[in-house]
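**Q** Below: one structure in structure tokens.
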Amino acid sequence: MSRITRRTFAAMSAGVLLITTLSGCGGSQATVKDGAFDAKQPIPASQAFNTKSIWYQRSQDRAERDANNNEITADHILVFDGEGKVTAYNNNRPFDDYISKTDDQVIAMAKQSDKELAEKNMAEIPSFLQKATTPQSTVDSIKEEMASDEYQDYTDYQKQEVEEKLQEAEASLANDKATIAKAKTMLQDAKYIEPSPQTYDLSQFKDDSTDVEELKINYVDYYIDIASPEKWTSNSYPIQHSEYLKLTPLSVFQEGDVWYAGYSLLFTRVDKNSAGFILDPIKGANVSTE
């Protein structure tokens, strides 16, 4: 990776999206030539995202780790269809794997990666179900205390405190058991579902005197925490997520013989002489694809 790219990633303080365009423009006024934005005027975010394109997204934590390791990875690959929707694929490949690939190859790799990660997580379901039992240690401990000789010497106030602790512990235990029962029912018949196009949102607002624009995307994943089954809180599986990505314009930079531009949280392949990208003007309403 070039020093330019290393400096660029080290400066990013939040999740990163990398973008390479698909052939075609969808309904956008932005133009694409040989897979790269070639606009001679800055492109607003709404036009850029409404262009048929592929994006690579990273979390903030991963971006910071990659900056230290001088590498790039992506948590999700986002495929915008140019008609107001995006398909999000879970990914564990480094960005370098995609640089020389065609659009069709990138999408095929994204689908494969998403399925591989899902199947890896779903393979943990038997272990999750086996461990999904709620310990009664707290309840049993309180009951043992109440049955002890020492308990008989407690004041009425102390006994009331112990009884209230028991009621709380039993209520928590019942809730945990219900949660685990729900998880077991949901996971026993779990199957992989290929991601489908979802709507996205662009929101513009002012933070003090600063114009702010955020991209909201929706995605699913199959990860379950087998170490803490009692903490299961999802009402569906795979698990639904939303993520908000703040947009900050990023200058054109070079990686190898390819030029990129976009935002600090996302960037795209562009023509060497591209004017780059800008925020949408605040109009008092959100730009939504719903």
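**Q** For the range 1-85, please list each of the helices (runs of 4 or more DSSP H) lying entirely inside it that holds at least 1 residues being modelled with pLDDT of 75 or more and out of contact with any strand residue (DSSP E or B) (no Cβ under 8 Å at 6 or more places or on another chain).
**A** Numbers: elements: 3-10, 45-49, 60-69.
By residue number, 45-49, 60-69.
**Q** Could you say which residue among 202, 265 is more than 30 Å from residue 116 (Cβ to Cβ) and open to solvent by less than 40 Å² (accessible area, probe 1.4 Å)?
**A** Details: 265 fails: more than 30 Å from residue 116 (Cβ to Cβ).
Only one candidate qualifies: 202.
**Q** Please find, within the range 160-198, the residue that is least open to solvent (accessible area, probe 1.4 Å) out of those that are polar (S, T, N, Q) and in a helix (DSSP H, G or I).
**A** Initially, the range 160-198 is screened for residues polar (S, T, N, Q), giving 160, 167, 172, 175, 179, 185, 188, 196, 198.
Subset that is in a helix (DSSP H, G or I): 160, 167, 172, 175, 179, 185, 188.
Details: 160: 96, 167: 122, 172: 59, 175: 91, 179: 23, 185: 97, 188: 125 Å².
The extreme case among them is 179.
**Q** Are any residues in the range 86-135 crowded, with 17+ Cβ neighbours inside 10 Å, touching a helix residue (DSSP H, G or I) at 6+ places or on another chain (Cβ under 9 Å) and at pLDDT 90 or above, and if so, which ones?
**A** 86, 87, 88, 89, 90, 91, 109, 110, 122
**Q** Let me ask something else. Against the condition open to solvent by 50 Å² or more (accessible area, probe 1.4 Å) and out of contact with any His (no Cβ under 7 Å at 6 or more places or on another chain), how does residue 140 come out, does it pass? Talk me through it step by step, then tell me what you get.
**A** Values: open to solvent by 50 Å² or more (accessible area, probe 1.4 Å): yes; out of contact with any His (no Cβ under 7 Å at 6 or more places or on another chain): yes.
Criteria met by residue 140.
**Q** Condition first: modelled with pLDDT of 90 or more and of a type in the set (A, V, I, L, M). Now tell me which residues in the range 159-201 satisfy that.
**A** 162, 166, 193 - these are the residues of the range 159-201 that are modelled with pLDDT of 90 or more and of a type in the set (A, V, I, L, M).
**Q** Here is a follow-up. Quick check on my filter: what residues within the range 205-248 are at pLDDT below 85, assigned to a loop (DSSP other than H, G, I, E, B) and surrounded by 13 or more Cβ atoms within 10 Å (Cβ to Cβ)?
**A** Across the range 205-248, the qualifying residues are 224, 226, 232, 234, 248.
**Q** Within the group 196, 172, 209, which residue is closer than 30 Å to residue 123 by Cβ and of a type in the set (Gly, Ala, Ser)? Write out each step before concluding.
**A** On the way: 172 fails: closer than 30 Å to residue 123 by Cβ; 209 fails: closer than 30 Å to residue 123 by Cβ.
The match here is 196.
**Q** Another question about this same structure. Out of all the residues in the range 261-278, which are more than 18 Å from residue 80 (Cα to Cα) and in contact (Cβ under 8 Å) with a residue 24 or more places away in the chain? Give the derivation first.
**A** Within the range 261-278, the subset more than 18 Å from residue 80 (Cα to Cα) is 264, 271-276, 278.
Of everything in the range 261-278, those that are more than 18 Å from residue 80 (Cα to Cα) and in contact (Cβ under 8 Å) with a residue 24 or more places away in the chain turn out to be 264, 271, 273, 274, 275, 276, 278.
**Q** If you scan the range 97-143, which residues turn out to be assigned to a loop (DSSP other than H, G, I, E, B) and of a type in the set (A, V, I, L, M)? Step through it out loud before you land on a result.
**A** To start, the set of residues in the range 97-143 that are assigned to a loop (DSSP other than H, G, I, E, B) comprises 100-102, 123-124, 132-136.
Within the range 97-143, 123, 132 meet the criteria.
**Q** Please work out which one of (1) crowded, with 17+ Cβ neighbours inside 10 Å; (2) more than 15 Å from the chain's Cα centre (by Cα); (3) modelled with pLDDT of 85 or more is the condition residue 260 fails and give its number.
**A** (3)
The values are calculated or read from the model by the stated rules, or taken from the named source; none is laboratory data. No experiment lies behind these values; they were computed from the predicted model shown. Don't worry about glycine lacking a Cβ; one is built from the backbone with ideal geometry, like all the others, and counts go over all protein chains shown. Please note that ligands, DNA and RNA were not included when accessible areas were found on the heavy atoms of the full protein model with its side chains. Shrake-Rupley method; radii C 1.70, N 1.55, O 1.52, S 1.80 Å.
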